[in-house]
Amino acid sequence: MSLDIASIDTISEINMDYTATIFLRQRWTDERLCFDGNESLSLDGRLVEMLWVPDTFIVDSKKSFLHDVTVENHLIRIYPNGTILYAIRITTTVACSMDLTKYPMDKQTCTLQLESCKRLYCYYFYTIRKITCGLDTLRLAQYTVEDYFTSVSKAVYETGHYPKLVLHFELKRNILCFILETYVPSILLVVLSWVSFWISQLSVPARICIGVITVLTMTTLMMGARTSRPNANCFIKAIDVYLGIGFSFIFGALLEYAVAHFCTLNRVLAAVANTCSVTDNMNKIDSNKNSKASINGKKERSKHSGCSSPMSVMKGLFCVFDCFHVKNPYHVDNYARFSFPLSFIIINVFYRVYYLYF
């Protein structure tokens, strides 16, 4: 037997299959066809029905067809000693179980299984050394053929044991296009969200604008990447994890400004509360010393007493916010400038190591 893979047309992660065009050549000896002479005879493909041929079939084939342009692609050659060479060209769609948890850094191992309907072992086991494949020179759009090998086994059914020949080939996905289309844009968006750390906290519109724009752009990138990925809901793919990490950092940068702004507001409340407490103390001292104040003094005290009633509420709020007090709110941005890039680099290293080597 000789198996030659001419091309692998499509590999579908959605349908879990691949479509390949193969040349299948089988050789066997039928002593009834011996004749005198030194040259072989090439017969018309229509004479196949008049000869005995091995009943070989592709096990996991979903659909297949024989090429018939311009005539049926059969080759029959008979040698004087009764040896028959039978070659056909088939295009078949074969099931291939895939694990997409590491997509797009995944490797898939697909098989092409040939089996006989009859309990005949000799022609598979005897010609195992003559099996050849065209995978060495095969070029695919998204994959690289890393390795392939053949094995012979027995298919066990209720009706008996049948010979089975299996071609295993390992496909490694080319990640370059995913780096350019998904990974690099997401990294640039994360870095862009860090620009807000170098903008003054008083520039509220600028910082909010950067945060909202990067969040929306990252969401659009995630939705666009999802439409071009296999819709395998049972898998949490590596690219989904990475986009989720990038979205978390961008959203965290937006929350960082909320925290910094809150600390700034907390500081203002503390200053106002301290001012009002000093004013209240001064009013108490003035009221004890000057029991008979002028009309202007009464007006002043009425103003200060009016300030003390809302300030008492503010002091109560300040006591609640005091547990979150930061001495200098601008230090929040300083910490973020260092912690965000460092943590993003560390997570990227762990991400690459985990999905490439585990």
- [ ] Could you grab the pairs with beta carbons closer than 9 Å, sequence gap of 6+ or different chains, first residue in region 151-171 and closer than 10 Å to residue 115 by Cβ and assigned by TED's automatic domain parsing to the domain that holds residue 108, second one at pLDDT 75 or above and assigned to a loop (DSSP other than H, G, I, E, B)?
- [x] 155/59; 164/59; 165/1; 166/59
Open item on the list: Tell me yes or no: at least one residue of region 210-221 is in contact (Cβ under 8 Å) with a residue 40 or more places away in the chain and within 12 Å of residue 182 (Cβ to Cβ).
Closed with: no
Task: Within region 12-61, considering residues that are under 27 Å from residue 110 (Cβ atoms) and of a type in the set (S, T, N, Q), the one farthest from the chain's Cα centre (by Cα) - done: 26
Task: Residue that is exposed (fewer than 15 other Cβ atoms within 10 Å of the Cβ), in the same structural domain as residue 97 (by TED's automatic domain parsing) and not basic (Lys, Arg), where the choices are 24, 41 - done: 41
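Listed here are the residues, each with its yes/no results for (1) at pLDDT below 90; (2) among the aliphatic types (A, V, I, L, M); (3) within 11 Å of the chain's Cα centre (by Cα); (4) not in a helix (DSSP H, G or I).
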| residue | (1), (2), (3), (4) |
| --- | --- |
| 180 | no, yes, no, no |
| 190 | no, yes, no, no |
| 202 | yes, yes, no, yes |
| 225 | yes, yes, yes, no |
Task: Set 111, 93: member being surrounded by fewer than 19 Cβ atoms within 10 Å (Cβ to Cβ), hydroxyl-bearing (Ser, Thr, Tyr) and at pLDDT 90 or above - done: 111
TODO: Six or more apart or on different chains, Cβ under 8 Å: which pairs go from a residue in region 83-104 that's assigned to a loop (DSSP other than H, G, I, E, B) to one that's aromatic (Phe, Trp, Tyr)? Could you list them?
DONE: 96/18; 99/235; 100/235; 101/235; 102/355; 103/235; 104/178
Open item on the list: For the structure I just gave you, tell me whether residue 2 is in contact (Cβ under 8 Å) with a residue 24 or more places away in the chain, under 30 Å from residue 100 (Cβ atoms) and surrounded by fewer than 17 Cβ atoms within 10 Å (Cβ to Cβ).
Closed with: no
Open item on the list: List pairs: first residue in region 38-55 and free of Cβ contacts under 8 Å to residues at least 60 places away in the same chain and under 11 Å from residue 72 (Cα atoms), second residue among the charged types (D, E, K, R) and in a loop (DSSP other than H, G, I, E, B) anywhere in the structure, Cβ distance under 8 angstrom, at least six positions apart or on different chains.
Closed with: 45/72; 46/72
Task: Of all residues making up region 167-198, the number that are touching an Asp or Glu at 6+ places or on another chain (Cβ under 9 Å) and surrounded by 14 or more Cβ atoms within 10 Å (Cβ to Cβ) - done: 8
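The values are calculated or read from the model by the stated rules, or taken from the named source; none is laboratory data. Keep in mind the model is a prediction, meaning the values are calculated, not measured. As a convention, Cβ positions derive from the backbone with ideal geometry for all residues, glycine included, and neighbour counts pool all protein chains shown.
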